[in-house]
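In what follows, a structure is listed as structure tokens, so that the remarks can point back to it.
The values are calculated or read from the model by the stated rules, or taken from the named source; none is laboratory data. In this text the structure is predicted, and so the values were computed from the model without any measurement. Neighbour counts run over all protein chains shown; Cβ positions are idealised from the backbone, glycine included.
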Amino acid sequence: MAYITDWRTSTRTQGQGQCVEVGFGADCVGVRDTKNRAAGQLTVAVQRWHEFVRGLKHGSFDS
């Protein structure tokens, strides 16, 4: 498993407890469930993460 640091939760969560955390490593990005951190994390390459975020910003996943 990649070493991930700087885990962050969205400020839009507003304490509802239904969110994910995103953390950053040297060459990967981790995503995990805030309520169940022990379950592990999804790890993706930095470039793929940037592509995902770009898609979100451009509405690529809107229905």
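Kindly indicate whether any position in the range 25-34 is outside any strand (DSSP E or B) and in contact with an Asp or Glu (Cβ under 6 Å, 6 or more places away or on another chain).
Yes, the conditions are met somewhere in the range 25-34.
So in the range 38-51, with the set limited to residues that are surrounded by 10 or more Cβ atoms within 10 Å (Cβ to Cβ) and more than 10 Å from the chain's Cα centre (by Cα), which one is modelled with the lowest pLDDT? Steps first, answer last, please.
So the first thing to find is which residues in the range 38-51 are surrounded by 10 or more Cβ atoms within 10 Å (Cβ to Cβ), and the list is 40-51.
If we keep only those that are more than 10 Å from the chain's Cα centre (by Cα) too, we end up with 40, 45-48, 50-51.
Numbers: Gly40: 86, Ala45: 96, Val46: 94, Gln47: 96, Arg48: 96, His50: 96, Glu51: 97.
Per the stated criteria, the residue is Gly40.
Could you look through the range 4-37, keep only residues that are of a type in the set (Gly, Ala, Ser) and modelled with pLDDT under 85, and pick out the one that is surrounded by the fewest Cβ atoms within 10 Å (Cβ to Cβ)? Walk me through how you get there before you give the answer.
So the first thing to find is which residues in the range 4-37 are of a type in the set (Gly, Ala, Ser), and the list is 10, 15, 17, 23, 25-26, 30.
With modelled with pLDDT under 85 added as a condition, the list becomes 10, 15, 17.
Values: Ser10: 11, Gly15: 6, Gly17: 9.
Filtering first and then ranking leaves Gly15.
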